[in-house]
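Please read the structure below before turning to the comments.
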Amino acid sequence: MKTNIKKISIKSINISDEVLYDKMTDYYSLTIINVIGDTFKNGITRPLPSLIFLNIESNKLENTILKFSLIEKISNLKIEGSFIYLENDLSIDNNKLSYLKVNALNYPDFSNFEILSTVDFNFNDNFLKDSVQNVSTIPSLDSMLIRNTIPLEFNFNLCPNVKRLLVQGPLSKPRNPTENFNVDGNFPLLLAENTYFTIYNSTFNNVPSNLKRGINSLTMIYETIFLNSTLPKFTGSGFTFIYPNNNIIGTIDESWCETHLSVRNNELEGSIPSCFTCYFKDNETYLNGDVLSMFDRFLGNKFTNYDKTIECTTFEPVVTIDKSNGKNNEIILSGKDIGFNYKSWLYNDKVMNLTKTNKVGKSYTLSIDEDLSLLDFIPIHFIYPNNQTLFFPIKDKLFTISSVTSKVDNNNNLFLIQGSLFSTYKGYIKQLVQIQGIDCKINFEDFFHIDCITNQAIPIVESKFKKLTINSGSFSKSVLINITDGAINQKNCMNDCNGANGICNLYLGNCICNEYQWLGEDCSIPYHYISSVDVPTTPNGVSSFSGNFGDKHTNLSITIGNLPCDPIILISTNIITCKEPIGSGTKLAIITQNGVNASIIYNYYQAYKQCPSNCSNHGICNNQTGECKCNSLYKGFDCSILIDNGGGGLPTNSTVNENTGGTDISNQDTQFKIYFKSLVEVDFNGNPIIEYKLLDNWKSIKTNDKFIYKLTQKLNNTQCEIISNIEEIQQIDGKQFTFANLNFRLDQGSIKFSLNIVNYTYQNNLNTLRLDLISSVEQINYKDNECNEKEISIDTNNNNNNNNNLSSFNYIKISKNNKILNGRFINKVVSDGKVTFLSTTIKNDSNSIIISLNLPHCINECIIDPDFSLLVDMKSYESCSNENKREAWFLPVVIVIPTISLALLVILIFILYKRSTVLKIQIHKLKRINKKT
């Protein structure tokens, strides 16, 4: 029968079973209340028809069993008036039930109810308590409400899709609690991270404070008895905790500032933390009114500062760019007492988009409709707590000083400074202001202003202008100002003197450039320097100078010796080339531009290279390199040392000395020492500017190879780090090396040094570095050796000043007691990745030789490469009168020093602009240096 009836409600009449089980019309809603007769005598016994809503109120269903197979066509079912049992007899998910409210005697298995979203159960004293564990079988729930009169044991994890949970009634301690489960009267529930949970009319030992909840969660507990009602510190996580009407006592700890806390109508006292009081004027409510306005959340207690008129002085927001996702439009707003309502934070009068709540009340990620990479700072208007706009820098950029006004009052000097990129508010960035070295106390500071005052006399200087310096964070800037009363310093300099390149005189409007570093009206022209020169291999070829030459080249000229290098072919910021004049030997090359001279040693190319002493007629000369290949019985750079391969003699000990950063080599009665003395910055004329001692400052770093040592140190008050690497060559056939386009091999037992100088900053662009190395020899007491009394002999075999190009190598030979330390080095240096000539000097100091390596102006790296061999001279040995002669022997100890990364080398290396020389030095016995192995 077709009718227009959609809803049927039957109350307090006698009806037949057909009314319940046989659907005679198209209605979709049926309500049956307190019917008369035997309709529900045996409960619901037949399948119910398809209905959207079925509401039954009857006491005649008491203790009956409702099988789910009978209600599988019902979408929303509500049964009240009787407590019934529920039985899931469905084998598959083929039901329509989405809402179920019932007075239940058990909690059934809901595992095959995929669309069920809301359950609302009342439990009485006859409830089967063990069945409550079936709560976790529900695949998805938007809302679950449980009202119980007996303590329930919840020892389960609620399904993660439960969004809202309400429990009215007592909870009991679980018999078998899982890990991290709260027991003993504490909160005995395991909740899904972001569940909205409400409980009332229960009893706990303590106020819950350690719940692990999500940032989208809500926890509401009210009208509950706490045996210990003191509010503890908050140690959990979560978003909203609402604890009204619970007689909670004590004070609120600041740890609750990481939550939306509401404690209305309790017995709390003391001061409310400022994270909450700062927002008493914010009337915003949340979650459909469940979370009250900030002021109303603390109503009905005994707080001493429950007052909307209290000023907020603790608001300290911080803004940084969020670079985690590669976007250019997101910021992180964090800090102290920043509040909970992102809708009160405006950019360009618009609410910013909340991307993520990182930590409630502490940190939020927000996005704006603008590319932040194009901005230097971002203004944000905060409606609460103080209705103010703050400006936040979003780039590491030097601040500007646009004007300084001076006022004199009762011998105090007041300075009103204007500019930009100062501190967002007082304390946001640490700032210090000084006038001619005298502290100026800051009274006020914001993004565009600083007001400060001095209460002592400013030192007298020759100029009437005084130096004002502001240190703001990691940046520092100085200007010159007139400090007379009423003076206004606001004449800006061209291009602000290009930042740190100079000091602007704000009274006159002109730049005072940093001496020996910058030139020009706006300090944009650098003092140029030369780091290397590439000489041509053919006469009148192209010479290529590398360095930093800037963009301006007024009156550019180049000379090599006294001859002009012209025409000039190429000019750029880092390379200048010209046609080399005819010449030979070693000269001084000078590049002049912008009224400044820079120089470098220039060594003409020579294809044919001589060997030292013509290899003493005991070897073959390589005229391409100037290196001797000695016959089998001779060694040394000039093949002058007769050796014996018989294998006799005592072994040599090589020890890394961690104090000196060098190596000690000893054999029988003689010990050689090689170490770094100091690193010196020198001016254009070679005068020392600053010296850094390298002895006793090394720190040993463990390596994975027992034959490699690594030592480091940092130069005092600088960012410069020096790294020394010492390696002993273990390969039986030796090891091949390449340096400055030359190939050479180190034998087994060789020791290779490298010294890296990283991040050195020059005080003057015309300055260079000098590395001082020391090689000393001392006598070790050793009996039965009359040769121990022999003097030290030092032989340097270098060509004269005009012919240093006749060999690719330079040499030194130190002799003592028939032991000979041969030193050889390539007269080249790799400066900033390019090969150029190396200049060295040598001098003796009592019992040692000091070699100074004069390096070009290297910015990134310098590399030099010497090597050393320790030998026994068979000819000298045979002339010794000791009757207990031993067989002559050869000690295969070689020390070589290439380097990596601003690496300088180590040892007896030099170029003497004079003829081969033999020096005689009398040695005194020294106390032996302790060594670490």
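The values are calculated or read from the model by the stated rules, or taken from the named source; none is laboratory data. Keep in mind that what you see is a predicted model, and the values were worked out from it rather than measured. Neighbour counts are summed over all protein chains in view; Cβ atoms, including those assigned to glycine, are modelled from backbone coordinates with ideal geometry. To get the accessible areas, we keep the full protein, side chains included, count just its heavy atoms, and leave off ligands, DNA and RNA. Shrake-Rupley method; radii C 1.70, N 1.55, O 1.52, S 1.80 Å.
What ranking do 220-232, 93-105, 523-535 get when scored by the average of other Cβ atoms within 10 Å per residue, highest first?
523-535, 93-105, 220-232
What net charge do the residues around GLY473 carry, taking every other residue with its C-beta under 9 Å from that of GLY473, with Lys and Arg at +1 and Asp and Glu at -1?
Once all neighbours under 9 Å are counted, the net charge is 0.
Calculate, in whole percent, how much of the Cα-Cα pair population of region 13-158 lies beyond 27 Å.
19 percent
What is the set of long-range amide H partners of ILE530 at a cut-off below 5 Å, with H atoms built 1.01 Å from backbone N?
Sorted by chain and number, the residues that satisfy this are SER599, HIS857.
Can you compute the modelled spin-label distance between LYS629 and SER255, with each label point 7 Å from Cα toward Cβ, in nm?
Distance between the two pseudo-spin positions: 8.0 nm.
What FRET efficiency comes out for ASN717 versus ILE215 if R0 is 51 angstrom and r is the Cβ-Cβ distance? Round to the nearest 0.05.
My answer for the efficiency is 0.65.
Given N residues in region 456-501, what is Rg(Cα) / (2.2 N^0.38 Å)?
Scaled against compact globular proteins, the figure is 1.31.
Once phi is turned into θ = phi - 60°, what whole-Hz ³J(HN,Hα) does the Karplus curve with 6.51, -1.76 and 1.60 give for every residue of region 417-423, x standing for Gly and Pro?
With the stated coefficients, region 417-423 comes to 10, 10, x, 7, 6, 7, 5 Hz.
Chymotrypsin sites (Phe, Trp or Tyr not before Pro), restricted to region 346-397: which are DSSP loop and have at most 16 other Cβ atoms within 10 Å?
Filter output for region 346-397: empty list.
Measure off 7 Å from each Cα along the Cα-to-Cβ vector at ASP22 and ASN358, then give the distance between these two points in nanometres to one decimal.
7.1 nm
Along each of the three principal axes of the Cα atoms of region 530-603, give the extent in whole Å, ordering the values from largest to smallest.
Projected onto its principal axes, the Cα set of region 530-603 covers 31, 20, 19 Å.
What are the equivalent ellipsoid semi-axes of region 438-535, built from the alpha-carbon gyration tensor (square roots of five times its eigenvalues), in whole angstrom, biggest first?
Taking √(5λ) for each eigenvalue gives 31, 16, 13 Å, largest first.
What trypsin sites (Lys or Arg not before Pro) does region 3-75 have in DSSP loop regions with at most 13 other beta carbons within 10 Å?
Listed in order of number, the matching sites are LYS6, LYS41.
Convex hull over the Cα atoms of region 316-393, averaged projected area in nm²?
Dividing the Cα hull surface by four gives the mean projection, 4.6 nm².
Skipping prolines and chain starts, which residues have an amide H placed within reach, meaning under 5 Å, of the one on GLY270, given they are 5 or more residues away or on another chain?
Hits under the 5 Å cutoff: THR304.
So what are the ³J(HN,Hα) numbers for region 426-434, from phi and the Karplus equation (6.51, -1.76, 1.60; θ = phi - 60°), rounded to whole Hz, Gly and Pro as x?
Once rounded to whole Hz, the list reads 4, x, 5, 10, 6, 10, 9, 10, 10.
In the structure shown, do any of LYS407/LYS466; LYS395/LYS714; LYS41/LYS67; LYS302/LYS343; LYS327/LYS397 have a Cα-Cα gap over 23 Å, and if so which?
Exceeds cut-off: LYS395/LYS714; LYS302/LYS343.
Hey, can you grab everything whose amide H is under 5 Å from the amide H of GLU57? Only 5+ residues off in sequence or another chain; H modelled, so Pro and N-termini drop out.
ILE32, ILE33, ASN34, GLU80
Out of every Cα pair in region 264-365, what percent are spaced more than 16 Å from each other?
That fraction is 63 percent.
So with the 1.4 Å probe, I'd like the accessible area per residue for region 384-534, rounded to whole Å².
49 Å²
How high is the FRET efficiency from THR841 to ILE689, r the C-beta distance, R0 22 Å, rounded to 0.05?
0.80
Starting from the Cα of ASN410, step 7 Å toward the Cβ, then list every residue of region 438-474 with an amide N under 17 Å from that point.
It comes to 441, 443, 452-457, nothing else.
Please find the FRET efficiency linking ASN34 to GLN133, where r is the Cβ-Cβ separation and R0 is fixed at 41 Å, and quote it to the nearest 0.05.
That pair, ASN34 with GLN133, gives E of 0.75.
Given a cut-off of 25 Å, name the pairs among LYS96/LYS163; LYS281/LYS350; LYS11/LYS163 whose C-alpha atoms lie farther apart than that in the structure shown.
The answer is LYS11/LYS163.
Kindly write out, for region 627-635 in residue order, the coupling ³J(HN,Hα) from the Karplus curve 6.51 cos²θ - 1.76 cosθ + 1.60 (θ = phi - 60°), rounded to whole Hz, with x marking Gly and Pro.
10, 8, 10, 6, 5, 4, 9, 10, 9
At TYR516 and ASP142, where each label point lies 7 Å from the Cα along Cα→Cβ, what is the point-to-point distance in nanometres?
Using points 7 Å along Cα→Cβ, the separation is 7.9 nm.
Name the shape class, rounded, prolate or oblate, that the alpha-carbon gyration tensor gives for region 481-579, where a ≥ b ≥ c are the square roots of its eigenvalues, rounded holds for a/c under 1.5, and otherwise prolate holds if a/b is larger than b/c and oblate otherwise.
Taking the square roots of the gyration eigenvalues as a ≥ b ≥ c, region 481-579 is prolate.
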